[in-house]
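Q: One structure is given below, represented as structure tokens, and several questions about it will come after.
Every number here is computed from the coordinates shown, using simple stated rules; none is lab data. Here the structure is a predicted model, which means the values were calculated and not measured. Using ideal geometry, Cβ is built from the backbone for each residue, glycine included, and neighbour counts are taken over all protein chains shown.
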Amino acid sequence: MKTRSKYSTITLGNNSSLHIAYFSDNTPLLTNCDILTHQEQVTYNLRGGDKRKEEYLLVRWLAKEAVGETILYKDNGAPYILNNRLYISISHCPDAVILMVSSSPCGVDIERIDRNFERAANRFITSQDLPITDKKHQAWYWCTKEAVFKAHSGSIKNILSDIVIEGLKGNKVYSTVDKKSIVTSIIYRDSLIISHTIIK
């Protein structure tokens, strides 16, 4: 019997899209290993903890539903699909998983708005970054650096210092990596904050 599951799509410019699936909307899927290939089932069985197994299942289902592809991983841990015309990025939080698909290198991050970002500030904010004047921007900085890091597919060595936040305007965060400017967009969705970027 086919498991009925659901996700939502946000269409972006530049041949890019975001696909979001909530754990609460897809409870029957989270124990259905029939969607996995043999190799994916081997990997699934090696993952410790129910939540990590649920994340693994939901992300792979989402990739197959959204782009009809199986997720593979490079040696550095960056995800990719065999369709070499498309790039992907993946993120998850306690409520949902998200998949970004683009014709350009891309990065995405998703977090709960109520996450305590202040507690981890020394892991993602330095004196080089634009000073934070609004507490909500702590989440913006974290999510931006995560998305930019993923978009570079492992070429950034230090997420703390190699990505510098230089400006904010509207829902955009402007940063630099090796003096190259990158724009990241911020979206609020239900109780979540999403950041996404592409590298042109």
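Q: Set Lys and Arg Cβ to +1 and Asp and Glu Cβ to -1, take the dipole of the chain about its Cα centre, and tell me which of 30, 94, 131 lies farthest positive.
A: Farthest along the dipole direction, towards plus: 131.
Q: Here is a further query. Under a plain spin-label model, where a point goes 7 Å from the Cα along Cα-to-Cβ, how far apart in nm are residue 6 and residue 169?
A: A separation of 3.8 nm, rounded to one decimal place.
Q: Along the Cα→Cβ direction, 7 angstrom out, place labels at residue 157 and residue 126. What is the inter-label distance in nm?
A: Label-label distance for residue 157 and residue 126, simple model: 1.2 nm.
Q: Additional query: Fewest first, what order do 22, 141 take by the number of other Cβ atoms within 10 Å?
A: 22, 141
Q: A further question on this structure: Residue 200: which lysines have alpha carbons under 29 Å from its alpha carbon, excluding same-chain residues fewer than 8 sequence positions away?
A: 64, 74, 136, 145, 150, 157, 169, 172, 179, 180
Q: Excluding residues on the same chain fewer than 8 positions from residue 51, give the aspartates and glutamates whose Cα lies under 19 Å from its Cα.
A: Candidates past the 8-residue exclusion: 25, 34, 40, 95, 109, 111.
Q: Please arrange 145, 136, 53 by counting, for each residue, the other beta carbons lying within 10 Å of its beta carbon, fewest first. Can you show the working numbers first?
A: Values: 145 27, 136 12, 53 17.
Least crowded to most crowded, the residues run 136, 53, 145.
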